[in-house]
Amino acid sequence: MTLASGTNWALGVASRSGALLVEGPRAEDLYVEAIDRLGRTRMAVDLARAHLLYGEWLRRERRRTDARVELRTAHELFSDFGMEAFAERTRIELLATGGRARKRTVDTLEQLTPQEAQVSHLVAEGHTNREIAAQLFISPSTVEYHLRKVFRKVGVTSRTQLAHRVIHQGVGVLQPTSTSERPHIDGPR
């Protein structure tokens with residue numbers, strides 16, 4: 001049925017499911033395809049699940065560093081959605097790789113995550129979302145997701161404003177504008 005529909009969501013879920021049934025390089029190809037296809041949809045929960053399953057697979061393959069990237073992305077997405085059970089499952093997997101999930105407290109809600117800082121730096125260098133996605137091995141949709149969060153946290157509305165802030169303040173010290181100065185943000189432009 002998924003082949004008949006031909007949508008990125010259906011084909012992405014089919015690839016993610018198929019990856020659970022095979023081993024070796026074929027499984028990895030299917031996980032990567034699933035993340036790419038699901039990253040082109042608005043079904044962010046399915047994308048998060050694909051990152052989680054791929055991270056779990058990478059950990060079992062003893063590729064702990066690669067697993068951490070996928071698991072951190074999944075953890076951040078699940079935490080943002082308020083899906084605490086999946087976030088906890090992801091946190092436990094992350095611990096098994098030797099990594100840690102960032103605690104999300106009131107104090108850290110406005111801080112950039114390492115992935116958001118990396119995306120911000122690459123935007124400041126003038127890279128497109130596709131180029132950033134290729135460099136970080138994530139989907140362009142995941143780049144857009146991180147940019148929306150960065151824009152909200154830092155209080156900017158454009159890539160140019162973000163680049164200016166990165167150049168003048170540095171990636172690690174981006175500070176939000178005061179609440180009264182923050183514009184309404186629909187997403188990255």
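The values are calculated or read from the model by the stated rules, or taken from the named source; none is laboratory data. Treat the numbers as computed from the prediction; the structure is a model and nothing was measured. Virtual Cβ from ideal backbone geometry, glycine too; neighbours counted across all protein chains shown. Just so you know, the surface numbers come from the protein's heavy atoms only, side chains and all, with ligands and any DNA or RNA stripped out. Shrake-Rupley method; radii C 1.70, N 1.55, O 1.52, S 1.80 Å.
With respect to the numbered conditions (1) in contact with a Lys or Arg (Cβ under 9 Å, 6 or more places away or on another chain); (2) among the small types (Gly, Ala, Ser); (3) surrounded by fewer than 20 Cβ atoms within 10 Å (Cβ to Cβ); (4) at pLDDT below 90, which one is the sole condition not fulfilled by residue 18?
Unmet for residue 18, out of (1) in contact with a Lys or Arg (Cβ under 9 Å, 6 or more places away or on another chain); (2) among the small types (Gly, Ala, Ser); (3) surrounded by fewer than 20 Cβ atoms within 10 Å (Cβ to Cβ); (4) at pLDDT below 90: (4).
Six or more apart or on different chains, Cβ atoms under 8 Å: show the pairs whose first residue is in the stretch 81-97 and under 15 Å from residue 67 (Cα atoms) and whose second is among the small types (Gly, Ala, Ser) and open to solvent by 80 Å² or more (accessible area, probe 1.4 Å).
none
Against the conditions (1) open to solvent by less than 70 Å² (accessible area, probe 1.4 Å); (2) at pLDDT 90 or above; (3) under 13 Å from the mean Cα position of the chain (by Cα), where does residue 141 fall short? Just the number, please.
So residue 141 meets the others, but not (2).
How do the pairs read when you match residues in the stretch 134-145 that are within 15 Å of residue 69 (Cα to Cα) with residues anywhere that are of a type in the set (Asp, Glu), using Cβ under 8 Å and keeping only pairs 6 or more apart or on different chains?
What qualifies is 139/36.
Could you please tell me which pairs satisfy a Cβ distance under 9 Å, a separation of 6+ or placement on different chains, a first residue in the stretch 157-170 that is open to solvent by 20 Å² or more (accessible area, probe 1.4 Å), and a second residue that is of a type in the set (Ser, Thr, Tyr)?
Sorted first by the residue in the stretch 157-170, then by its partner, the pairs are 165/120.
Among (1) closer than 27 Å to residue 149 by Cα; (2) buried (at least 20 other Cβ atoms within 10 Å of the Cβ); (3) touching a Ser or Thr at 6+ places or on another chain (Cβ under 7 Å), which single condition is residue 59 missing?
Failing condition for residue 59: (1).
Check residue 41 against each of (1) open to solvent by 40 Å² or more (accessible area, probe 1.4 Å); (2) in contact with a Phe, Trp or Tyr (Cβ under 8 Å, 6 or more places away or on another chain) and name the one condition it does not meet.
(1)
So which residues in the stretch 114-137 are part of a loop (DSSP other than H, G, I, E, B) and modelled with pLDDT of 75 or more, if there are any at all?
Those that are part of a loop (DSSP other than H, G, I, E, B) and modelled with pLDDT of 75 or more: 125, 126, 127, 128.
Of all the helices (runs of 4 or more DSSP H) wholly in the stretch 1-105, which have at least 2 residues that are over 18 Å from residue 116 (Cα atoms), more than 13 Å from the chain's Cα centre (by Cα) and acidic (Asp, Glu)?
Result: 24-38, 84-96.
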